[in-house]
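Scroll down for the structure; my scribbles are underneath it.
The values are calculated or read from the model by the stated rules, or taken from the named source; none is laboratory data. From a predicted model like this one, the values you see are computed outputs, not experimental measurements. FYI the Cβ positions are ideal-geometry reconstructions off the backbone, even for glycines, and counts take in every protein chain you see. When the accessible area is computed, the model is the full protein with side chains, heavy atoms only, and any ligands, DNA or RNA have been set aside. Shrake-Rupley method; radii C 1.70, N 1.55, O 1.52, S 1.80 Å.
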Amino acid sequence: MSTTPESKPLLRSLVRTKSVEKSIADTHEPEHELRRSLSALDLTVFGVGVIIGTGIFVLTGTAAKNHAGPAVALSFVAAGVVCALAALCYAELASTVPVAGSAYIFAYSTIGELPAWIIGWDLVLELALGAAVVAVGWSGYVQSLLESGGVSLPHALSGASTGGWSFNLLATLLVLLLTAVIVLGMHLSAEITRVIVAIKVTVVLIVIVAGLFFVKADNYSPFIPPATTVEGKSGSQSPLIQVLFGYTPTDFGVMGIFTAAAVVFFAFIGFDVVATAAEETRNPQRDVPRGILGSLFICTLLYVAVSLVVTGMEKYTELSSDAPLSDAFKSVGQDAFASIINVGAVAGLTSVTMILLLGQSRVFFAMSRDGLLPRTFSMVNPKYGTPTRAIMMLGAVVAVLAGLIPLEELSELVNIGTLFAFMVVSVGVVVLRRTRPDLHRSFRCPWVPVVPILSVLASLWLMINLPAETWWRFLVWMVVGMVVYFLYGRGHSRIGRESVRQQP
């Protein structure tokens, strides 16, 4: 099938790229320039702050009890390796194109405008839903702590999913408060994140050190339980791989380790948000790779250590799926640690919510600066050095989502969106190596194209293990995004308008 002369300009416009030099030059535009105040330590703290959330407090027990047994520690290693493949690709592009927007701007510089729009649209949804879901989880933990002190919220303000309509007041207030913090500047956000991360890492270390005194060697036997056949789900609830090929993942045994890896992988989601802060880093070429890889390494070590301790304290078959860490301490008569763990969970979810909100605002800001979204949202407040209009608008939307909409079933969109971004970034590394070999790269991903290809395959494998209904929801959101792009973004694109002016 040949293309007509009329269709060629359209096709060219969809794959037009924004040069690295142009992307960097745009960061110095008056009224659209973000303030540079972050160091490698700040970025590492951001990474740890967004990665360590409910995953370490919940998924450890779920994965061990249902999928891998004590070998869940190996599942965390496997998931960490998958993330490391993507992290290496992120580190190269973030050091080469140190601009706000993360995967969006990487796609714009390598693959083209339409793919960049798709990934940007995907990230806006991913980070909005992620922040709302985590805020709802934070509300649950806080209400639990309040109830232990004899204080209960009215049902109408508790966000309860049963017993009629209910507004989640605490989740909404958290989002609004954190939105105000982000508006006031990146430096303040970094200072608050340091305090919160210090609290939750201290709690995690207390769990590890204290738990070692109650570990029983018998609980590790067998370390890899015998494999069992999994009864497959039906209809849209079943994994896409089962719908397409009839394959059903296996629990326990060696394959159970990788099944559990698909579960605990989602405890690592968030390190890519570090790349969205590249434009606000004093030395991004050096510090962004350190922040991405350093935070991922630290969190993997903590995850593995916690999983070994908790499965050593209590037999994996008896672990709780809701609160495995606190229940493990209760099983050995150490109830006081349960409250400490709940405090750590509250601190952890606070920083996760804030960093997801921050990352979303920077992606939206970058798309607005490029004209794909209204330019008014890329205006930077001269006093605070932040895109206040974008932050306040997005914060209001997320606050409504957290307060009104039940998000449990939609939360898996966060997972598929993240994995899709991993694939795009991995492809972008290979493309930019071929199209712009002359660019200076402060950090180079090793073994290109092997590492990017492995990253794409690993991400795709985890994506097809998600339910088919998640794929349908993802495709619906992408279709909505395409409509918005062709009705607004394509016609207002700054790169598109500049190319028209340059034509004779």
Report task. Might you let me know whether segment 360-370 holds any residue that is in a helix (DSSP H, G or I) and without any contact (Cβ under 8 Å) to a residue 40 or more places away in the chain? Result -> yes
Report summary line: Just one listed residue, out of Met255, Met354, Met313, is over 20 Å from Leu88 (Cα atoms) and out of contact with any helix residue (DSSP H, G or I) (no Cβ under 9 Å at 6 or more places or on another chain), and it is Met255
Query raised in the report: Residues Val425, Val400, Val431, Val448: which one is more than 27 Å from Glu33 (Cβ to Cβ) and within 22 Å of the chain's Cα centre (by Cα)?
Result: Val400
Report task. Keeping to segment 366-389, report how many residues are under 23 Å from Arg494 (Cβ atoms), touching a Gly at 6+ places or on another chain (Cβ under 8 Å) and not small (Gly, Ala, Ser). Result -> 4
Query - Failed criterion for Arg375 (all others in (1) surrounded by 16 or more Cβ atoms within 10 Å (Cβ to Cβ); (2) touching a helix residue (DSSP H, G or I) at 6+ places or on another chain (Cβ under 7 Å); (3) not acidic (Asp, Glu) hold) - result: (1)
Requested in this report: Of the conditions (1) open to solvent by less than 20 Å² (accessible area, probe 1.4 Å); (2) touching a residue at least 24 places away in the same chain (Cβ under 8 Å), Ser166 clears all except one; give me its number.
Outcome: (2)
Query - Qualifying residues in segment 222-245 (those that are modelled with pLDDT under 70 and assigned to a loop (DSSP other than H, G, I, E, B)) - the one most open to solvent (accessible area, probe 1.4 Å) - result: Glu231
Query raised in the report: Going through segment 359-372 one residue at a time, which ones are buried (at least 24 other Cβ atoms within 10 Å of the Cβ) and under 23 Å from Gly496 (Cβ atoms)?
Result: Arg362, Val363, Phe364, Phe365, Ala366, Met367, Arg369, Asp370, Leu372
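Listed here are the residues, each with its yes/no results for (1) open to solvent by 50 Å² or more (accessible area, probe 1.4 Å); (2) in contact with a helix residue (DSSP H, G or I) (Cβ under 9 Å, 6 or more places away or on another chain); (3) modelled with pLDDT of 90 or more.
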| site | (1), (2), (3) |
| --- | --- |
| Asp438 | yes, no, yes |
| Cys445 | no, yes, yes |
| Pro449 | yes, yes, yes |
| Pro452 | no, yes, yes |
| Met463 | no, yes, no |
| Leu475 | yes, no, yes |
Query - Residue satisfying all of: in segment 333-352; open to solvent by 40 Å² or more (accessible area, probe 1.4 Å) and of a type outside the set (S, T, N, Q); farthest from Trp138 (Cα to Cα) among these - result: Gly333
Report summary line: The one condition Arg434 fails out of (1) open to solvent by 70 Å² or more (accessible area, probe 1.4 Å); (2) touching a residue at least 60 places away in the same chain (Cβ under 8 Å) is (2)
Report task. Identify, from the list Ile196, Ile208, Ile182, Ile192, the residue that is in contact (Cβ under 8 Å) with a residue 40 or more places away in the chain and either assigned to a loop (DSSP other than H, G, I, E, B) or more than 30 Å from Gly385 (Cβ to Cβ) (or both). Result -> Ile208
